[in-house]
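Read-outs throughout are calculated quantities, based only on the coordinates presented, and are distinct from any laboratory measurement. Bear in mind that the values here come from a model prediction, so they are computed numbers and not experimental data. So basically every Cβ, Gly included, is an ideal-geometry build from the backbone, and we count neighbours across all protein chains shown.
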2 protein chains.
Amino acid sequence: MLESQGIKIVVIGGGTGSFALLNGLKHYTQGITALVSMADDGGSTGVLRDELGALPPGDIRQCLVALSRSSYTMRELFNYRFPKNSFAGGHSFGNLFLSALEKITESFPEAVGVASEVLNIVGRVVPITLDNMRLVMEDEAGKLLRNEHAISDATFKGKLMQFHLEPKAAINPTAEEAILAADIVVLAPGDLYTSLAPALLVNGVSKALGRAEAKVVYVCNLVTTFGQTDEFAVHDFANEIERFIGTKRLDYVLYNTKAPSEELLKRYAKEKEFGVKVDEAILETAHYQAIGAELISETIQAKDPHDTLFQRTYIRHDGEKVAKQLLKLYFR
Amino acid sequence: MLESQGIKIVVIGGGTGSFALLNGLKHYTQGITALVSMADDGGSTGVLRDELGALPPGDIRQCLVALSRSSYTMRELFNYRFPKNSFAGGHSFGNLFLSALEKITESFPEAVGVASEVLNIVGRVVPITLDNMRLVMEDEAGKLLRNEHAISDATFKGKLMQFHLEPKAAINPTAEEAILAADIVVLAPGDLYTSLAPALLVNGVSKALGRAEAKVVYVCNLVTTFGQTDEFAVHDFANEIERFIGTKRLDYVLYNTKAPSEELLKRYAKEKEFGVKVDEAILETAHYQAIGAELISETIQAKDPHDTLFQRTYIRHDGEKVAKQLLKLYFR
């Protein structure tokens, strides 16, 4: 189905993390498959899971909007959040759309399919698993923390925690096919433990990555997350990812070399978030090839009216620049 | 814009009342304009008006679905109601869609335009006014009853009540143009006092009907409404409509001649609702031409999976049959 639609690129990640990448990639190929992590259970998504028994729509929604060719209004609509003091307070419209469709069609993939048509997307958005599961973290004392939202708020104190999914989740066959057919598999930046980990921990993902002929590229985060990835350098992120995959499967690690402005760094420092360090000596000896490039957006302060998600964060990837680096890898 | 799109038919009414007509007409002409009454303030629509300051979406939604060429799933989605026990309990998805878009675009017509594209409708759906108003009824004692919902529940005891809109509402210029350009203006069946009256009472509607060259046709209700139109015959409905228009503007009155099954009539009688009587002697002397025809659906018990609204009621117009009668009038 995706034959002759250009380079086949699979992007694995959550919503916010994949957004810039997908938004950049869609201008270069139609052969995009966004494989979406399905462990989110916070905010609007959490309520929809609890009250409607829906699969988590939030990250799917963000990927759909990123790949959309629709008008500004339609994209805005999907990200629109109802006012806090209203009956649907804090719910995003796109989440309601997906969950309502899921209830009607009794099929989450079908719901995503209808939304894909409505938003006229490039490529496709595929849940990495269709099993309804939660992310569980085991802390040093063996205590289990049972949802993504709580894990986001936890502080690891520099320790590497153990994670698993409950119940065990199996890879969506469509996701497996996409990985096996891909030219490039990109592991998107974003929340390492609460987005990428639960995607990689789905049964079958690691195996598919092992069997796939695709180049596997990790696009490294730009900043650390307080309590979780403090002090992390590029290779620490890469190591953690391979811990979740279970093998040394990364072919490339793409990292940013351009420092954000002092002003921005100061603002982040107040939240105890810092630029990810680069230890070139370690990267040179790594089994993967580490490629440094300027990957952050130069128009940091500019608001792109088409990308509301970009307005939330300020140190961010430039989707176009990352896309070009990925294509360079493909053609080298 | 609607030139060369076939016969130009304007249908004035609420949601449920216009549904069958629009659904039937869309197969015969693309030149349909559904002019929608804007006084609804009950249920999901009422909450959206109160909590979001939105214009009433419910009747607009039903007309959009009636005119939609989209898949069954998309039409189902717009009519989907979230489960009672969920945060969005009882809200229809289409209402949320329209109200969210209205907030984003800050324009109700623009919101309706986007929804029209998404639902791929035939013709167009136009709010009869863009003013935020309520229907007010003055009872015999001069007491004011201040919303459509309360008026629906009131009992008139056979008296003809006075109605007005608060604040005064002006006709939407697009609605006025449609009436002036129409070949046929259809006054749809439905709630006489809470759907058709507040549409006809909008300032400028009566004047536009007076100036228009269109034939004006009233498609009479099939059953009476307890407390409001008890004992009404066809000519009583027609008289009330002309009372709201303010002149004897009806050219034709289309009424049903085929009795529903005994079983159905019994079920309705339990709700104190009865078939509308036909007094042929009076109709023969009327200034309008009264045309009797078989207008009810023969497949009364059959569920049409594409028309969920039809499943609510059982004595109903057959949209196709009504459409054919209207076209006959045009070509005679």
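Run the numbers for residue A:203 and residue A:263: contour at 0.36 nm per residue of separation, minus the present Cα-Cα distance, in nm. Please list the in-between numbers first.
Values: separation 60, 0.36 × 60 = 21.60 nm, distance 4.30 nm.
Gain on extension, residue A:203 to residue A:263, equals 17.3 nm.
In peptide B:76-88, how many Cβ atoms from other protein chains are near each Cβ within 10 Å, on average?
Values: counts 5, 10, 1, 1, 6, 2, 9, 4, 0, 2, 10, 13, 12.
The mean count of partner-chain Cβ atoms within 10 Å per residue comes to 6.
Add +1 for every Lys or Arg and -1 for every Asp or Glu among the other residues with Cβ under 9 Å from the Cβ of residue B:233, and state the total. Can you show the working numbers first?
Details: positive: B:277; negative: B:231, B:236, B:279.
Neighbour charge sum, excluding residue B:233 itself: -2.
Placing unit charges on C-beta atoms (Lys and Arg positive, Asp and Glu negative, everything else neutral), compute the dipole magnitude of the protein assembly as shown about its Cα centre in debye, rounded to 20. Kindly include the intermediate steps, with their values, before the conclusion.
Working: 70 positive and 84 negative charges, 91 e Å.
That gives a dipole near 440 debye.
For segment B:90-149, just run the numbers: alpha carbon Rg, then divide by 2.2 N^0.38 Å, N being how many residues it has. Write down the numbers at each step before the final one.
Values: Rg = 15.7 Å, N = 60, 2.2 N^0.38 = 10.4 Å.
Ratio of Rg to 2.2 N^0.38 Å for segment B:90-149: 1.51.
Quick one: which residues, 5 or more positions from residue A:54 or on another chain, have an amide H under 5 Å from its amide H? H modelled 1.01 Å from N in the peptide plane, none for Pro or chain starts.
A:49
Which trypsin sites (Lys or Arg not before Pro) does segment B:227-300 hold that lie in a coil by DSSP with at most 16 other beta carbons within 10 Å? Write out the running numbers ahead of the final one.
Numbers: sites: B:243, B:248, B:249, B:258, B:266, B:267, B:270, B:272, B:277; in loops: B:248, B:249, B:258, B:272.
Taking segment B:227-300 and a limit of 16 other Cβ atoms within 10 Å, the loop trypsin sites (Lys or Arg not before Pro) found are B:248, B:258, B:272.
Once Rh is set to the Kirkwood radius over Cα pairs, what Stokes-Einstein translational diffusion coefficient, in µm²/s, holds for segment B:90-232 at a temperature of 37 °C and a viscosity of 0.692 mPa s? Don't skip to the answer; put the middle values down first.
Working: Rh = 17.1 Å.
Here the translational diffusion coefficient equals 192 µm²/s.
Using the 7 Å Cα-to-Cβ label point, sort the distances from residue B:270 to its equivalents in the other copies shortest first and give them in nm to one decimal.
Label-point distances to the other copies, shortest first: 6.7 nm.
Put a label point 7 Å from Cα along the Cβ direction on residue A:230, then list its distances to the equivalent points in the other copies in nm, shortest first.
Taking the point 7 Å beyond Cα along Cα→Cβ, the inter-copy spacings are 7.6 nm.
Residue A:320 to residue A:166: FRET efficiency via 1/(1 + (r/R0)^6), r the Cβ-Cβ distance, R0 51 Å, to the nearest 0.05?
Numbers: r = 39 Å, r/R0 = 0.76.
Calculated transfer efficiency: 0.85.
Two decimals is fine: what's Rg over Rh for segment A:56-157, C-alpha atoms, Kirkwood radius as Rh?
Values: Rg = 16.3 Å, Rh = 15.4 Å.
Rg divided by Rh gives 1.06.
Subtracting the Cα-Cα distance from 0.36 nm times the residue separation, let me have the gained length for residue A:85 to residue A:110 in nm, one decimal.
Numbers: separation 25, 0.36 × 25 = 9.00 nm, distance 3.19 nm.
Full extension of this stretch gives 5.8 nm more.
With no solvent and one point per C-alpha, what does the Debye sum give as log10 I(q)/I(0) for segment A:9-330 at q = 0.07, 0.10, 0.11, 0.13 Å⁻¹?
-0.25, -0.53, -0.65, -0.94
Modelled label-to-label distance, residue B:327 and residue B:247, 7 Å Cα→beta-carbon offset: nm?
3.1 nm
Give the Rg/Rh ratio for segment B:11-64, taking Rg as the radius of gyration of the Cα atoms and Rh as the Kirkwood radius, to two decimals. Don't skip to the answer; put the middle values down first.
Values: Rg = 12.3 Å, Rh = 11.7 Å.
So for segment B:11-64, dividing Rg by the Kirkwood Rh gives 1.06.
Return the FRET efficiency for the residue pair residue A:120, residue B:50: r is the Cβ-Cβ distance, R0 is 56 Å, and the value is rounded to the nearest 0.05.
Numbers: r = 34 Å, r/R0 = 0.61.
Efficiency for this residue pair is about 0.95.
Give me the distance between the Cα centres of segment B:186-228 and segment B:40-60, rounded to whole Å.
Segment B:186-228 and segment B:40-60 have Cα centres separated by 21 Å.
If each label sits 7 angstrom from Cα along the C-beta direction, how far apart, in nm, is residue A:46 from its counterparts in the other copies?
3.3
In units of 2.2 N^0.38 Å, what is the alpha-carbon radius of gyration of segment B:15-116?
Details: Rg = 13.4 Å, N = 102, 2.2 N^0.38 = 12.8 Å.
Normalised Cα radius of gyration, segment B:15-116: 1.05.
Bin width 10 Å, origin at 0, all Cα-Cα pairs of the protein assembly as shown: what percent of pairs per bin?
3, 15, 22, 20, 14, 11, 9, 5, 1, 0, 0
Under a crude label model (7 Å from the Cα following the beta-carbon direction), how far is residue B:72 from residue A:141 in nanometres?
Between residue B:72 and residue A:141, the simple spin-label model gives 5.6 nm.
Treating only the Cβ of Lys, Arg, Asp and Glu as charged (+1, +1, -1, -1), what charge dipole size does chain B show about its Cα centre? Round to the nearest 20 debye. List each step's numbers first, then the result.
Values: 35 positive and 42 negative charges, 72 e Å.
Approximately 340 debye in magnitude.
Which one of A:13, A:209, A:122 has its Cα pushed farthest toward the positive end of the charge dipole of segment A:9-330, where Lys and Arg give +1 and Asp and Glu give -1 at the Cβ?
A:122
Thinking of segment A:61-103 as a set of Cα atoms, what percent of all their pairs are more than 18 Å apart? Write down the numbers at each step before the final one.
On the way: 254 of 903 pairs.
Percent of Cα pairs beyond 18 Å in segment A:61-103: 28.
Set the Förster distance to 25 Å, then compute FRET efficiency between residue B:271 and residue B:159 from the Cβ-Cβ distance, nearest 0.05. Working shown, then result.
Values: r = 21 Å, r/R0 = 0.85.
With a Förster radius of 25 Å, E is 0.75.
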